[in-house]
Each structure stands twice: as structure tokens, then as C-alpha cells.
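Remarks on the structure that follows.
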There are 2 protein chains.
Amino acid sequence: MSTDSLVPETRVLAIASHVVYGYVGNKMATLVMQLLGCDVAALNTVHFSNHTGYRQFKGTRATAEQITELYEGLCQSHLTDFDVMLSGYAPSAAAVEAVGAIGMDLQRKAEKNPGSFFWVLDPVMGDQGRLYVSNDVVPAYKTIIHHADLILPNQFEAETLSGIKITSLSTLAEAITAIHATYNVPHIIITSVDLSRFTQSPSSQTTTPPDSLTVIGSTTRSDGSPRLFRIDVPALDCYFSGTGDMFAALIVARLREAVFAADPQLRTTKSWVSPDEVKATDLPLARATVQVLASMHSVLEKTMEARDAELRAADTRGDEVLSEEERLKREHLRKSKAAEVRLVRNVQYLREPTVVFQAQEWRKEDLPAGSQ
Amino acid sequence: MSTDSLVPETRVLAIASHVVYGYVGNKMATLVMQLLGCDVAALNTVHFSNHTGYRQFKGTRATAEQITELYEGLCQSHLTDFDVMLSGYAPSAAAVEAVGAIGMDLQRKAEKNPGSFFWVLDPVMGDQGRLYVSNDVVPAYKTIIHHADLILPNQFEAETLSGIKITSLSTLAEAITAIHATYNVPHIIITSVDLSRFTQSPSSQTTTPPDSLTVIGSTTRSDGSPRLFRIDVPALDCYFSGTGDMFAALIVARLREAVFAADPQLRTTKSWVSPDEVKATDLPLARATVQVLASMHSVLEKTMEARDAELRAADTRGDEVLSEEERLKREHLRKSKAAEVRLVRNVQYLREPTVVFQAQEWRKEDLPAGSQ
């Protein structure tokens, strides 16, 4: 493996969950960033046996005090020279606040050198219309997001943060505009929107192929208006846990790479916000997202193949003696295990993605008449 | 990165310490095995901010109950199909026993398929003549080691386990023989012995170059006698933390590779013990160790270069206002940080080691007269 395909040297503090078995949270994000050449400090907010999608797990959650104490351990030994912080799941409102305080402290330490520290925040709160954290986590995120440079909500989290129900392309644009404005966050990516559920005009430029997911991103202009781009990717017929963490880890590495490839002034600009004349599709955020989605699509395709092979080979003879309920549970566990993302044997797709999905600029006038 | 240079697919359960910053314990071992293509489940026995060589750290230790509970979490979801277990530091005698119970349970699950499960145990107790665990950890290890397939003591730990003070080549051979016999452990590697401190006959075959370290390994024959090999490697003028964990992780991957490259019968033989006619230097253990030491030497050389560059570039202006005690502490912290092993940018040395140190067979008659 040559070092040519590594991203620029990047020191990351990753704060998220740890699972013994499988790949979600920091177990996913840390490895993905390491495989791309980043030096990762991993502060784990929970220590579970496996991800919660199995519907059963054992383990412990870190308290806010434990998270803070670990960070104090880094501070006292001068181990805080991070270029990027990636924060994901935290198990309580107090833990979210503790993570927020770490982000703010690192920002304060870097404030004399604009662009030398960048905070990517994944506001893990829920999915598919449902919160899976306690209610008081929402206001905790609403407070700390003001300090993040890039946030990565899914559709439900974007609705929660903006207060706007996303039912059309125009409400999607409104939600992003509102998040930029309300929280002063310079970069946003909404990591999966199912546009095919929206009413579409057949003549529209933005018609989405069926069975595709859309990723929408934006970097603000100096007047606060969004610079929107979209990328459509085919949806795979399988639910994988940890894909949000994989996206976040890849975007850390690829965004830094894209910023280093841009005008040298950008990397010393606060929050890496490109000048107004840079088109949406030329934004480092858009260029990075294109790379990220290419990697993800290949790794998930390989995972699906491996999953199918594992399920075909599974020894299910013992199932016959089980009750119907036990048999269904056993089957769910077997499918959950088989769907664990396959990383270690598919490194080439992370390192050298084959780009097939391109970013499109997305302007107000592209919106179909019916959705405005 | 092609998949050609990956080791055979291997599912590992790694039980050791986790540090947020830097590379020791599971933070080192997990990444090293992953980079070689192993799928690693990581059960962390402590969660510290940094390694203890900094002389200050914060964080928490897992209790024996927490370790056991995490394993129960794996069992209840059928996530225990491991090929190898690698166990390292555990923070108490009860934790060592809990780890031992996990190893034995995995062995029991695999007993119908000899060779399908292999336990590598690093009996982390101390170094340089000094225990750094509490006294009751020693008998805990003495109990569980009976069940391990390969143990990786350093010189001090080999002395502790054998009850034999290693002061010469012949006492070294005695210690290994005693460990094989007392604990019924089929494979041993003593990971670093400074032979140059022993009296040597100048005419001896076993004269060790000054400034070199020797790694001694052995796989038992069917009569219980050791099959000894040795590999001399130049010592680097720097102390690195985590090298024992790096050795352990590399040997897991390379031993499995060497076993897969040997006679196909070997991998279905209990504990992968080669037939008596296999010479010491042809043992998979010896072949693996040669690869491991080549990788380690290159990575540590690169680490030393990076350390020196980091220390040269360090901003020490703030030191002037410190007291002498504070200045020395600051310098120690700076050196500890600079000596963190550089893994993520040096993957090629792990993946494609250039072998320069060869294993030599080591027989009783090779021992210098003076040391017998």
C-alpha cells in the first residue's frame, strides 16, 4: 500500500460509542479514518457488546463526568493538538453538553489560527420520524450546534433542528436555510432524503430515479444564503447499521483533502468557507461528498454480497426446535450479524473510490412547480 | 491496496486496555490486526486518556463483572465465532480470571473442531525486574495460562512464571522448558532478552552483537521438550510504549498465515503443534516471528525519525518560565508524545515486511561453555 492514496496528515479526536463486536460509532469511524491515514484519538461514550439494532446488548454508558475527565487527562499531558473533532452518539443530555464543552475548548485553543481546527458534529437523535434519545438531548444539541463547523443530520434530525417538516424539495431547502440561519452553522449535509416520496413534476430537472436516495449539502455564502448541491445514489435493498458513522468518518478525511486541494487561503479561513464565487458543485464539501458516496456504495455492495453468502451458508438446523418467537429472534440476530459492514477486506474502495455519482447544483428555480 | 497482502480471513477477540490518545493495548493491537485484514472484536479492560508511561493519566478500569457481562452480551447474540483470542492487560486478579473464563468458554465451544480456535495470551505483569500489577495477579495468570496456546512473556514475566532467574543462555533454556512443562503451553515466545548482559564465550556460535535484542521462541515436541529458535534484532536507542502489544497483534496475524501456508493437516491439529520432524526454524511460529520482527523494526525506525523531527520542531519557549521540576515534567510529556508509535502512515511495513533478520535453530550444544 503506497502512501500516495492517503489524505493529508490529520489528527482527529473522535467521540462516539464503542461496540466490542461489529462496526458502528467509533468502532466504525476510527477504523475508516485510520485506513485513510488519519491519526485518531478515540474517546468512547459507551462500551456495548454490539449495536442496538440486534435489539439486545450488554455494557456500560460513560457519564458526562467520565467524558470530561478523559478530556482533562488529554489536556494535562498536552495531547490536544487536534485538527478535527468528530462527535457522534452521546448517551445523555449531560454527555452531549460535556462533548460540546470539549469542542468549544478545542476551538478556543485554536482561535488564533483560523482554520486550524474544524468540528464535525453528527447530531445523533433519531431516525424515521422517531427520537431514540431522551427528550432533553434535543435542546442540548440545539445549544452546542452553534459551535460546530459541519453538521450531519439525517432527514428526521434536520426536521427536529429546523422545526420544519420536510415534505417537498422546497421545505427541504427551507429547512437547510433555517439551520444555517438559526445555528450559524456554515456547512450542512443531510445524509439521506428519500425524494421519491415527494410529489414531482415529470418535466423537472430534479426528478429522482425510483429507489434512489439523495444527499443534500450546503455551504453558506457570506450573506448567509445556502449554496446547495445534491447527489443521487441508488438505494441498496438492505439496512446497514453504522452507515451514518461511516459517512461522517469519510467526510472528515475527504473534506480535509478537498480543502488542501483548494486555494491555499482556504485552509487558513475560519470554518473553511469558500469565497462566494465558488459554485456549489465546486465546493470542497461537494467534492468530498462525491468521494464519500462512491466509497460507501462500493463497500455496501460488497457487504451485501458477503451478507447473502453468509446467510446462505448459515446452519439453521437448530432453529427447528425453537418456538416461533425464538425462531424469529434467532433469524433477526443472524441477519443483523450478516449485515455488519465489511471493512477490513475492502480497504481499496475506501482508499481509491471510483466516482460514478456526480454532484448537481441545486437552485431555487430548479424546484418543480408543484413543490414550491 | 490490493487484498493480496492480507493474511487469511481471521476473526479475533482482542481483550486489552484502551487509550484515547496514542497506541498501546487494544488501541495498538486492534488497528495492527485490522490493517493486516483481521476482523477484530475489541473488549476494552480499561479506558484511559493515555498510556501510563506519561506518568499521569485519567480514566476508568473495567471490573471483572463488566468484562464478563460484555462477553455474555456476545454470547446471547451468537457473536462468538472467533478463530483467535488475544488477551493482554487486565486491571485486577479478578479481571484476569474473567478473561481466563472467556478463553476457556471459547475453547469449550470449539473443542469438537481441533485447531479452530487459538488463544494467544500476553501475561502482562511487569518488566525490568518489577511487577506493575498487584501481587494477586501472578497466581491468577499461573492458573489461566494452562489453557493458552501461545504465551508472550517478556524476560521478567518468564522468570516470574518459571521461578527461574534468567542470567545465562542455559537458564533461559531452562525457564522455557519449565514453562512448557509446568503450564502445558505448546508455544512460547520470550519477546525480548538482552543476551549481551550474559557472560559469553568469544568462540561461541551464539555470540550476540552488542546493542541487539534477542527474541526466543519454542514449540514443544510430542515428548514435551522445547524446539528453540532465536532471532537477533538490533536494539533501537529509544523506549517505545506498546511494542509488546504490537508484537502480539502481528504474531496473531502472521502465525495464522504461516499455519495456513503449512501442511493442511496442521490447521486442524489441536494448538497448531507441528509434527516432531519439523525443525525449529521451519516452525510456523519461527516463520511468523521473522515477519513480525521485520515489520516492527521498520515501523520503529520510522517512528524514531518522526520522533526526532517532532522534538526538533517543538516549541519549548514556554519552558523558560517553569520551575526545574515542571520543566522536566513538561519535557517527559513531550518525549512520551513524540515516541508514540507511528502506524497509520507506515502501513506498508506492516503489510509487506522486508525480512532481514533470520531465525536460527538453538540447541543445547550451541550454548557457550561458560554459561552451562
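Every number in this text was worked out from the coordinates using simple rules, so none of it is lab data. All of these numbers come straight from a predicted model, not from anything done at the bench. Cβ coordinates were reconstructed from backbone atoms using ideal geometry, including for glycine residues, and neighbour counts include every protein chain displayed.
Take the cross-link list A:302/B:58; A:27/A:302; A:329/B:142 and give me the ones stretching past 30 Å between alpha-carbons.
Working: A:302/B:58 40 Å; A:27/A:302 19 Å; A:329/B:142 40 Å.
Beyond 30 Å: A:302/B:58; A:329/B:142.
Starting from the Cα gyration tensor of the protein assembly as shown, take the square roots of the eigenvalues, sort them a ≥ b ≥ c, and report rounded, prolate or oblate (rounded when a/c is under 1.5, otherwise prolate if a/b is larger than b/c, else oblate).
Here the protein assembly as shown falls in the prolate category.
Rounded to the nearest 0.05, what FRET efficiency do residue A:265 and residue A:329 have when you use their Cβ-Cβ distance and R0 = 60 Å?
Rounded to the nearest 0.05, the efficiency is 0.60.
Sequence-distant or interchain residues sharing an amide H contact under 5 Å with residue B:10, placed H: which?
Under 5 Å from the amide H of residue B:10: B:39.
Taking θ = phi - 60°, what integer Hz values does the Karplus form 6.51 cos²θ - 1.76 cosθ + 1.60 yield along the range A:129-138, in sequence order, with x for Gly and Pro?
Coupling constants for the range A:129-138: x, 9, 6, 10, 10, 6, 4, 6, 5, 4 Hz.
In a shell of Cβ-Cβ distance under 14 Å around residue B:342, excluding residue B:342 itself, what net charge do Lys and Arg (+1) and Asp and Glu (-1) give?
Numbers: positive: A:11, B:27, B:302, B:307, B:337, B:345; negative: A:9, A:39, B:301, B:305, B:308, B:310, B:340.
Every neighbour counted, the sum reads -1.
Is there a quick way to get the dipole size of chain A? I mean about its Cα centre, with the Cβ of Lys and Arg at +1 and of Asp and Glu at -1; what is the value in debye to the nearest 20?
My answer is approximately 180 debye.
May I ask you to list the GluC sites (Glu not before Pro) in the range A:268-372 that are in a DSSP loop and have at most 15 other Cβ atoms within 10 Å of their Cβ?
A:277
Please figure out what share of the DSSP beta bridges in the range B:15-116 is antiparallel and state it in percent, rounded to the nearest 5.
Given both bridge residues lie in the range B:15-116, the antiparallel proportion sits at roughly 40 percent.
For the range B:10-366, with equal point scatterers placed on the C-alpha atoms only and solvent neglected, what are the log10 I(q)/I(0) values from the Debye formula at q = 0.08, 0.09, 0.15 1/Å, to two decimals?
-0.38, -0.49, -1.39
Pop out the ³J(HN,Hα) list for the range A:41-48 in order, Karplus 6.51 cos²θ - 1.76 cosθ + 1.60 with θ = phi - 60°, rounded to Hz; leave Gly and Pro as x.
Result, rounded to whole Hz: 8, 10, 9, 9, 8, 9, 9, 10.
Between A:303, A:281, A:167, find the one with the highest GNM mean-square fluctuation for chain A; connect C-alpha pairs within less than 10 Å.
Greatest mean-square fluctuation among the candidates belongs to A:167.
Can you compute the charge dipole magnitude of the protein assembly as shown about its Cα centre, using +1 on each Lys and Arg Cβ and -1 on each Asp and Glu Cβ, nothing else charged? Give it in debye, rounded to the nearest 20.
On the way: 72 positive and 90 negative charges, 17 e Å.
The dipole of the protein assembly as shown has a size of about 80 debye.
Could you tell me the distance between the Cα centroids of the range A:130-191 and the range B:93-136, to the nearest Å?
With the range A:130-191 and the range B:93-136 each reduced to a Cα centre, they are spaced 47 Å.
Fewest to most neighbouring Cβ within 10 Å: what's the order for B:351, B:61? It would help to have the intermediate numbers written out before the result.
On the way: B:351 18, B:61 14.
The order, fewest Cβ neighbours first, is B:61, B:351.
What lysines sit close enough to residue B:279 to cross-link, taking a C-alpha to C-alpha distance under 28 Å and skipping anything fewer than 8 places away on the same chain?
Straight-line reach from residue B:279, under 28 Å: B:165, B:270, B:364.
Which of the listed residues, B:231, B:163, B:294, is farthest toward the dipole's positive end in chain B, when Lys, Arg count +1 and Asp, Glu count -1 at the beta-carbon?
Positive-most Cα among the choices belongs to B:294.
Residues with amide H under 5 Å of residue B:119's amide H, sequence separation 5 or more or different chain, H placed in the peptide plane at 1.01 Å from N; which?
It is B:85, B:149, B:150, by chain and number.
Taking beta carbons within 10 Å but only from partner chains, what does the mean come to for residues A:283-290?
Mean inter-chain Cβ contacts per residue within 10 Å come to 0.
Quick check for me: using +1 on Lys/Arg Cβ and -1 on Asp/Glu Cβ, what's the dipole size of the range A:6-149 about its Cα centre, in debye to the nearest 20?
It works out to roughly 440 debye.
Can you run phi through the Karplus equation (6.51, -1.76, 1.60; θ = phi - 60°) for the range B:22-39 and list ³J(HN,Hα) in whole Hz, with x for Gly and Pro?
3J(HN,Hα) across the range B:22-39, in whole Hz: x, 10, 9, x, 5, 5, 6, 5, 4, 4, 4, 5, 4, 5, 8, x, 8, 8.
Scan around residue A:127 for amide H atoms under 5 Å from its own, H built in the peptide plane at 1.01 Å from N, and keep only partners 5 or more places away or cross-chain.
Counting only residues 5 or more places away or on other chains, the set is A:132.
Calculate for chain A the 222 nm mean residue ellipticity that helices alone would give, adding -39,500 (n - 2.57) per DSSP H run of length 4 or more and normalising by residue count, nearest 500 deg cm²/dmol.
When only DSSP H runs of four or more count, the value is -12500 deg cm²/dmol.
So for chain B, taking the charge dipole from beta-carbon charges (+1 Lys/Arg, -1 Asp/Glu), which of B:280, B:266, B:101 sits furthest toward the positive end?
Value: B:101.
For peptide B:39-51, how many partner chain Cβ atoms fall within 10 Å of a residue's Cβ, on average?
The shielding value for this peptide is 5.
Calculate how many DSSP beta bridges within the range A:10-366 are antiparallel, expressed in % of all such bridges and rounded to the nearest 5.
Restricted to the range A:10-366, the bridges split so that about 50 percent are antiparallel.
In a shell of Cβ-Cβ distance under 14 Å around residue B:163, excluding residue B:163 itself, what net charge do Lys and Arg (+1) and Asp and Glu (-1) give?
After counting each charged neighbour, the total is -1.
Arrange A:63, B:214 by Cβ neighbour counts within 10 Å, fewest through most, would you? Intermediate values should be presented prior to the final figure.
Details: A:63 16, B:214 24.
Fewest to most other Cβ atoms nearby, the residues stand as A:63, B:214.
Enter the mean number of other protein chain beta carbons within 10 Å of the beta carbon of each residue in A:67-80, as an integer. Intermediate results must be reported in sequence, preceding the final value.
Values: counts 0, 1, 4, 11, 3, 2, 11, 6, 2, 7, 16, 6, 11, 1.
Per residue, the average neighbour count from other chains is 6.
Over the range B:10-366, what is the relative contact order in percent, taking alpha-carbon pairs closer than 8 angstrom and at least six residues apart?
Computed value for the range B:10-366: 16 percent relative contact order.
To make sure I understand, if each residue's beta carbon is the centre and we count other beta carbons within 10 Å, what order do B:112, A:27, B:279 fall in, fewest to most?
B:112, B:279, A:27
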